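Comments concern the structure below.
FYI, it's all coordinate maths here, none of it is from the lab. Here the structure is a predicted model, which means the values were calculated and not measured. Counting neighbours? That spans all protein chains shown, and the Cβs are built from the backbone with ideal geometry, glycine included.
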Amino acid sequence: MPQEIAQDLFRIKVPLPETPLKYLNAYVVRSPGRSLVVDTGLNHDACLDALLKGFKKIGVDPDRADYFITHLHSDHFGLITRLAGENTRVYFNRPEAEIIENWQGFGPMLAYIETNGFPLDRLKAALKAHPGSKFGTDWVPPLQMLAEGDVIRVGDYALECVETPGHTLGHTCLYEPTHRLFIAGDHILAGITPNIQCWAEGRNPLREYLASLEKVRRYDVALVLPGHRRLFPQFQERIQELIFHHQERLDEVLAILANGGLTGYDVAARMSWDILASGWDDFPVAQQWFATGEALAHLRYLEDAGRIQRRIDQDIVRFYRLT
Ligand SMILES: [Zn+2]
């Protein structure tokens with residue numbers, strides 16, 4: 001059942017089968033002209049069914065709706081392939097459109113994670129089973145690029161694009177100044193911390209993420225509309241908690257490296273994780289993969305900050321603390 005958050009603004013909970021996230025929050029701004037839908041769900045029947053039922057309940061015609069996708073992850077982007085029609089506008093960001101245009105499969109990412117100590121045979125099996133690759137998008141509709149400061153006007157709402165790289169390279173939130181609403185995608189969540197992962201050399205996603213948190217801190221926000229879990233009013237407090245969380249994680253990684261060099265995979269195995277498993281070896285391989293990406297984001301941050309350095313031996317990267 002769609003929940004009315006404000007006049008003509010609704011949340012539809014879209015179930016996410018086979019993922020630990022449970023559901024995605026799709027937001028609909030209803031208008032007698034064209035309505036706007038923010039984020040969609042996986043390319044999966046259950047997601048399509050939930051969205052279409054929701055649209056029907058609130059009187060939104062999918063053929064007279066446009067879409068804004070906060071970022072490329074399949075739980076937000078995947079279903080657009082089945083929703084977009086000839087007259088549909090799909091708003092997206094340039095950095096991630098380029099990822100789609102230049103996509104060469106998972107090869108480069110696998111090579112990167114292998115040099116960081118991950119057992120590759122296990123990873124290949126996990127990739128095949130991962131809902132992101134199973135329920136991703138096979139066809140991509142034409143995308144309209146939006147950037148910082150661009151405004152989408154729907155009914156009484158003027159939604160302003162706020163670029164927030166970190167969770168992904170081109171992640172973009174929407175801010176509505178009159179209603180003081182912040183549609184956060186996966187930039188700011190309550191109850192869970194957004195994944196910040198590093199999957200390529202030359203990037204520093206955690207530094208980008210922390211900068212994006214600092215950037216939005218000054219916004220006047222009465223209610224946060226996140227991509228998952230509950231809506232919440234504590235905007236500044238949650239930003240502060242997320243910054244603190246990553247500072248603690250950085251300290252933890254430094255402590256783990258106190259006794260010598262380790263690969264990103266080995267660091268991940270020693271970090272503490274909020275997951276129901278008796279130990280690292282019992283983690284599902286997909287969780288080990290995410291954890292390694294998260295460890296690498298923190299290692300990269302520390303490396304760029306001059307706190308640690310890498311040594312490469314037989315194509316394997318190990319990180320060492322600088323004292
Ligand atoms: Zn998400």
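How big is the Rg/Rh ratio for the stretch 238-306, C-alpha atoms only, Rh by Kirkwood, two decimals?
Answer for the stretch 238-306: 0.97.
Exposure proxy check: 99, 5 ranked by fewest other beta carbons within 10 Å?
Least crowded to most crowded, the residues run 99, 5.
Exposed loop GluC sites (Glu not before Pro) only (DSSP loop, at most 16 other Cβ atoms within 10 Å): please give the longest stretch of the chain free of them, not including the sites.
202-323
Rounded to the nearest 500, what is the 222 nm mean residue ellipticity of the chain from helices alone, with -39500 (n - 2.57) per DSSP H run of 4+ residues and division by all residues?
Roughly -10500 deg cm²/dmol at 222 nm, from the helical runs in the chain.
Picking from 1, 29, 226, whose Cα lies most toward the positive end of the charge dipole for the chain (charges on Cβ: Lys, Arg +1; Asp, Glu -1)?
Going by the Cα projections, it comes out as 1.
Within the stretch 211-260, report the trypsin sites (Lys or Arg not before Pro) that DSSP leaves as loop and that have at most 12 other Cβ atoms within 10 Å.
218, 230
Estimate the FRET efficiency between residue 203 and residue 81 by the formula 1/(1 + (r/R0)^6), using the beta-carbon distance for r and 25 Å for R0, to the nearest 0.05.
0.40
At 7 Å along the Cα-to-beta-carbon direction for both residue 315 and residue 124, put a label point, then send me their distance in nm to one decimal.
With each label point 7 Å from Cα toward Cβ, the separation is 1.3 nm.
If you count the DSSP beta bridges with both ends in the chain, what percent of them are antiparallel, to the nearest 5?
70 percent
Order by neighbour count: 106, 244, fewest other Cβ atoms within 10 Å first, most last.
Final ranking by Cβ density, sparse to dense: 244, 106.
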